[in-house]
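Comments concern the structure below.
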2 protein chains.
Amino acid sequence: MLPRVTSIAGLPTPALVVDTTALAHNLDTMSAALPGARLRPHVKAHKCTSLAKEQARRGHLHFTAATPREIVGMAHAGLGDDLLLANECVEPARLRALADCPARVTVAVDSDETVDAAAANGIREVLVDVNVYLPRCGCRPEDAPRLADRARAAGLDVRGVMGYEGHAVLIADRAEREAKTVHAMERLARVAEAVGGGLVSAGGTGTYDLNTAATEIQAGSYALMDGDYCKLDIPFRRALAIVATVIHTNDRWTVADCGLKAMGMDHGNPSVDDADVLFVSDEHLTFTPHTSVHVGDRVLVWPAHIDPTIAYHERLHLADSLDLDATIIETWSVDLRGWDAVGANRGS
Amino acid sequence: MLPRVTSIAGLPTPALVVDTTALAHNLDTMSAALPGARLRPHVKAHKCTSLAKEQARRGHLHFTAATPREIVGMAHAGLGDDLLLANECVEPARLRALADCPARVTVAVDSDETVDAAAANGIREVLVDVNVYLPRCGCRPEDAPRLADRARAAGLDVRGVMGYEGHAVLIADRAEREAKTVHAMERLARVAEAVGGGLVSAGGTGTYDLNTAATEIQAGSYALMDGDYCKLDIPFRRALAIVATVIHTNDRWTVADCGLKAMGMDHGNPSVDDADVLFVSDEHLTFTPHTSVHVGDRVLVWPAHIDPTIAYHERLHLADSLDLDATIIETWSVDLRGWDAVGANRGS
């Protein structure tokens, strides 16, 4: 049992807090732009079935995931209408777990090995993952029809193609972002025709309104946003912060109890309003506030990249604003963390 | 229940694997250099009571921790002979949890607020944390005697001082590392005399044999080591890797299923033997191997910084070497993760 707290400033720190007003704005704005199945929300950023239920309540019943654990967790939370593992997997036990979970599950394939592993382990539906210039997964475009044939010959239903323009989603200049997206989607559209199946799954938060070629957009970060996405000209608001407690202050710097184990650092340091961040240690953030702060004060820390930040935390605390005296309305479990997909109890 | 696996290559990935031969070498080498209470192993890097028991078995019965949760977890695992929270805490409920746990607990203080909070919430023993040039916690040296008096007047037993030369521990040049350590410890020794109590707690893996002024050394990384510490002239060996599965390969790059949520990135990219790492995404590592690899192959990934790496994982798998066909001997829980210290069941 955790102690009951009533306000953000009463939380044991570090803790993740969600602004429900901003979250609702983000979810509603996206639903208006991409209603129903036009959006296939990606759960990898939030890893939270309670948040996914808010997305489902707005009409998005098809979801994207990055790990088998996320798929199994979504299925057991009753969100299994149409789940896409937008990632490659060759492990028999995990593929079996996907095949056996109470959901419609589609798996990305981009090689003979991934097609064969899917077919051998009970998977029924696949998308052919096509490289659209991001140097990561995805087959060469010219390989896609052959892989689709191989999949169909093995008894798999090929629902279409996917391709992630991840090299474009964070480009600050809108025209350049659009040009790179169009270029990537021209490749994907050509392949989609040859592969068949109808689905063209692509896109992310940064390209949600630029990618008009895809039949569905896999955006996920839009729900909570982060430092990097907030630099773009998109209508979503920062909805997630880390609350930390000041544990030391002197005339040159201040330290809060929120460090490398509370936030992803791949996009650089977090930010603190009215302060300059100096550096981050395992359990400490050293910064210079521009206003007076005292030991015991709470501060809000804005992580540069939410995905690897949330993955460190067990829960999200919801308040109707990110004022320190805002009331905690509800607490959600970050229940899709880790990688256990086989045999683990994922009941919601 | 997780599936039983017999070799590193049979683990669901990403997974942390520990080389027990290197671990034993590291633990034995450190115990020979700093026997018994000369070493107060820091548990923040490994966050694992099973590993702490190996340290205790070699005669180190006093431990250092960075969070109240680590302290409470160590106490409930039967490792509570003498636990130091080498960090500041002002939260009443957590200080009460420390005071109530079945252990001798000493807490660092560096301000009026931290002294008063300790005294008001049942803490019995403190160390005065002194700034020794790392811009983080620790009082000014001239404040330490006054804080010690304040603590004693409030009924606290002042066991001595601590000061962390964290700005020195990773300096590659040994002479410069030593000079910065000596400079820091000269300051701490002066304060120690004025504060009294006898304990002078300091040091880390990089300065374990250079810091001769401290009565006890708080090293932790030496047990498993990491990319940055391995660049130093110290006799400890890399004992921790992440095993990942190759899920995509082409004639220009290869992708394994191990990303930003499986490793700390504050010290930069991880490394892969015989390969160049290109970039890391949420669940992917893109690299160019110098040898032929195939989809389904396993690779070992060496994290640049182990502390925020281990904090992402639920368990450590032990093998007697880091060959992919090495047998898994045992699996340890990373049971000191997160920050819940109050009311959580931390029984071992």
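Contact map, region B:69-86: first residue hydroxyl-bearing (Ser, Thr, Tyr), second residue part of a loop (DSSP other than H, G, I, E, B), Cβ cut-off under 8 Å, separation 6 or more or different chains; the map is empty.
In the set (1) more than 25 Å from residue A:279 (Cα to Cα); (2) touching a helix residue (DSSP H, G or I) at 6+ places or on another chain (Cβ under 6 Å), residue B:128 fails one condition alone, (1). Within the bounds of region A:197-204, is there any residue that is surrounded by 23 or more Cβ atoms within 10 Å (Cβ to Cβ), of a type in the set (A, V, I, L, M) and touching a Phe, Trp or Tyr at 6+ places or on another chain (Cβ under 9 Å)? Looking through region A:197-204, at least one residue is surrounded by 23 or more Cβ atoms within 10 Å (Cβ to Cβ), of a type in the set (A, V, I, L, M) and touching a Phe, Trp or Tyr at 6+ places or on another chain (Cβ under 9 Å).
Listed conditions (1) modelled with pLDDT of 95 or more; (2) surrounded by fewer than 23 Cβ atoms within 10 Å (Cβ to Cβ) are all met by residue A:262, apart from (2).
Among the residues of region A:304-315 satisfying the criterion of being of a type outside the set (Val, Ile, Thr) and facing chain B (nearest Cβ under 10 Å), which is farthest from residue A:333 (Cα to Cα)?
For region A:304-315, the residue satisfying everything is A:305.
Whether any residue in region B:142-158 is within 14 Å of chain A (Cβ to nearest Cβ) and within 25 Å of residue A:277 (Cβ to Cβ) is what I want to check. Checking region B:142-158: not a single residue is within 14 Å of chain A (Cβ to nearest Cβ) and within 25 Å of residue A:277 (Cβ to Cβ). Considering region A:10-85, the qualifying strands (runs of 3 or more DSSP E), each wholly inside and each with 1 or more residues that are in contact with a strand residue (DSSP E or B) (Cβ under 6 Å, 6 or more places away or on another chain) and over 18 Å from residue A:314 (Cα atoms), run over A:62-65, A:82-85.
On the stretch given as region B:95-117, residues that are crowded, with 24+ Cβ neighbours inside 10 Å, within 14 Å of chain A (Cβ to nearest Cβ) and either over 29 Å from residue B:213 (Cβ atoms) or under 24 Å from the mean Cα position of the chain (by Cα) (or both) total 8.
The single residue among A:243, A:301 that is more than 14 Å from every other protein chain (Cβ to nearest Cβ) and more than 29 Å from residue A:181 (Cβ to Cβ) turns out to be A:301.
Has region B:48-59 got at least one residue that is at positive phi and either assigned by TED's automatic domain parsing to the domain that holds residue B:311 or of a type outside the set (Lys, Arg) (or both)? Outline the logic, then answer.
So in region B:48-59, the residues at positive phi come out as B:59.
Now restrict to residues that are either assigned by TED's automatic domain parsing to the domain that holds residue B:311 or of a type outside the set (Lys, Arg) (or both): B:59.
For region B:48-59, residues at positive phi and either assigned by TED's automatic domain parsing to the domain that holds residue B:311 or of a type outside the set (Lys, Arg) (or both): present.
Of the residues A:128, A:107, A:158, which is closer than 24 Å to residue A:69 by Cβ, free of Cβ contacts under 8 Å to residues at least 40 places away in the same chain and outside any helix (DSSP H, G or I)? After applying the criteria, what remains is A:107. Kindly establish whether residue A:199 is modelled with pLDDT of 95 or more, within 30 Å of residue A:295 (Cα to Cα) and not assigned by TED's automatic domain parsing to the domain that holds residue A:308. Judged against the criteria, residue A:199 is not a match.
On the given criteria, is residue B:242 more than 18 Å from residue A:136 (Cα to Cα) and surrounded by fewer than 18 Cβ atoms within 10 Å (Cβ to Cβ)?
Details: more than 18 Å from residue A:136 (Cα to Cα): yes; surrounded by fewer than 18 Cβ atoms within 10 Å (Cβ to Cβ): no.
Spelling it out, it is not the case that residue B:242 is more than 18 Å from residue A:136 (Cα to Cα) and surrounded by fewer than 18 Cβ atoms within 10 Å (Cβ to Cβ).
Annotation for region A:228-239: at least one member residue is touching a Ser or Thr at 6+ places or on another chain (Cβ under 6 Å), under 19 Å from residue A:164 (Cβ atoms) and touching a residue at least 12 places away in the same chain (Cβ under 8 Å).
Restricting B:294, B:290, B:284 to those that are without any contact (Cβ under 8 Å) to a residue 60 or more places away in the chain, farther than 15 Å from residue A:266 by Cα and facing chain A (nearest Cβ under 9 Å) reduces the list to B:294. Taking the criterion of being of a type in the set (Val, Ile, Thr) and either without any contact (Cβ under 8 Å) to a residue 40 or more places away in the chain or within 14 Å of another protein chain (Cβ to nearest Cβ) (or both), would at least one residue in region B:185-194 satisfy it? No: zero hits. With respect to the conditions (1) within 14 Å of chain A (Cβ to nearest Cβ); (2) at positive phi, residue B:197 falls short on a single one, namely (1).
Before we move on, is residue A:348 polar (S, T, N, Q), touching a Ser or Thr at 6+ places or on another chain (Cβ under 8 Å) and at pLDDT 95 or above? Please lay out each step first, then the result.
Details: polar (S, T, N, Q): yes; touching a Ser or Thr at 6+ places or on another chain (Cβ under 8 Å): yes; at pLDDT 95 or above: no.
Spelling it out, it is not the case that residue A:348 is polar (S, T, N, Q), touching a Ser or Thr at 6+ places or on another chain (Cβ under 8 Å) and at pLDDT 95 or above.
Within region A:118-127, the only residue that satisfies the criterion of being over 19 Å from residue B:246 (Cβ atoms) and either within 14 Å of another protein chain (Cβ to nearest Cβ) or among the acidic types (Asp, Glu) (or both) is A:125.
Residue check: is residue B:142 in contact with a helix residue (DSSP H, G or I) (Cβ under 9 Å, 6 or more places away or on another chain), free of Cβ contacts under 8 Å to residues at least 60 places away in the same chain and exposed (fewer than 15 other Cβ atoms within 10 Å of the Cβ)? So residue B:142 fits the description; yes. The strands (runs of 3 or more DSSP E) found entirely in region B:250-348 that carry 3 or more residues being more than 24 Å from the chain's Cα centre (by Cα) and within 27 Å of residue B:231 (Cα to Cα) are B:254-256, B:275-280, B:285-289.
Per-residue answers, yes or no, for (1) polar (S, T, N, Q); (2) closer than 27 Å to residue A:320 by Cα; (3) under 15 Å from the mean Cα position of the chain (by Cα); (4) within 10 Å of another protein chain (Cβ to nearest Cβ):
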{"residue": "A:26", "(1), (2), (3), (4)": "yes, yes, yes, no"}
{"residue": "A:37", "(1), (2), (3), (4)": "no, no, no, no"}
{"residue": "A:44", "(1), (2), (3), (4)": "no, yes, yes, yes"}
{"residue": "A:58", "(1), (2), (3), (4)": "no, yes, no, no"}
{"residue": "A:68", "(1), (2), (3), (4)": "no, no, yes, yes"}
{"residue": "A:79", "(1), (2), (3), (4)": "no, yes, no, no"}
{"residue": "A:85", "(1), (2), (3), (4)": "no, no, yes, no"}
{"residue": "A:93", "(1), (2), (3), (4)": "no, no, no, yes"}
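Name the one entry in B:288, B:327 that is touching a Phe, Trp or Tyr at 6+ places or on another chain (Cβ under 9 Å) and among the polar types (S, T, N, Q).
Numbers: B:327 fails: touching a Phe, Trp or Tyr at 6+ places or on another chain (Cβ under 9 Å).
After applying the criteria, what remains is B:288.
The set of residues in region B:264-281 that are at the interface with chain A (Cβ under 9 Å from one of its Cβ atoms) and hydrophobic (A, V, I, L, M, F, W, C) comprises B:265, B:278, B:279, B:280. The numbered conditions (1) crowded, with 21+ Cβ neighbours inside 10 Å; (2) within 30 Å of residue B:176 (Cα to Cα); (3) touching a strand residue (DSSP E or B) at 6+ places or on another chain (Cβ under 8 Å); (4) of a type outside the set (Lys, Arg) are all true for residue B:271 except (1).
The sole residue among A:233, A:228 that is within 18 Å of the chain's Cα centre (by Cα) and under 26 Å from residue A:22 (Cα atoms) is A:228.
The values are calculated or read from the model by the stated rules, or taken from the named source; none is laboratory data. Just so it is clear, the structure is predicted and the values come from calculations on it, not from any experiment. Neighbour counts are summed over all protein chains in view; Cβ atoms, including those assigned to glycine, are modelled from backbone coordinates with ideal geometry.
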